[in-house]
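A quick write-up on the structure given underneath.
Just so it is clear, none of the values below were taken in a lab; they were calculated from the coordinates. This is a predicted model, so every value here is computed, not measured. For neighbour counting, all protein chains shown are included, and Cβ atoms are generated from backbone atoms with ideal geometry for every residue, glycine included.
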Amino acid sequence: MATKPRIKLPDTVKTGDVIEVKTLITHVMETGNRKDSAGKPVPRDILNTFVAKYGQDEVFRAELGPGISANPYISFQMRVPGPGTFEFSWTDDHGVTTVETAALNVV
């Protein structure tokens, strides 16, 4: 299960600026390849999809696999089309989706 993600956006931007968006979410990202102390396999539990939307438009998508480390950090760049709000979503193997929103301060 994931905990509240951290989002880092620039303090202020102008329309047309290229910005870097940074996200970090706490999640164990268990691959399913390990065994517990009793020798039983630890069930796979990874975040497999990350989607970033700005307004109604999808601006970034990543399909994650078991090779991704725990607590995945994802960053991407985009050109700011104007004022709006980000919606970030992470979905795990169990279909649980963690959603976080963040407004972008466009001056």
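Modelled label-to-label distance, Asn48 and Ala70, 7 Å Cα→beta-carbon offset: nm?
It works out to 2.2 nm between the two label points.
I need the fraction of alpha carbon pairs in the stretch 46-107 separated by more than 17 Å, rounded to a whole percent.
42
Fewest to most neighbouring Cβ within 10 Å: what's the order for Ser89, Ser37, Ser69?
Ser37, Ser69, Ser89
Placing unit charges on C-beta atoms (Lys and Arg positive, Asp and Glu negative, everything else neutral), compute the dipole magnitude of the chain about its Cα centre in debye, rounded to 20.
The dipole of the chain has a size of about 220 debye.
Step by step: find N for the chain, compute 2.2 N^0.38 Å, then divide the Cα radius of gyration by it. What's the final number?
In units of the globular-protein estimate, the chain measures up at 1.24.
Between Val13 and Val107, 0.36 nm times their residue separation minus their Cα-Cα distance comes to what?
33.2 nm
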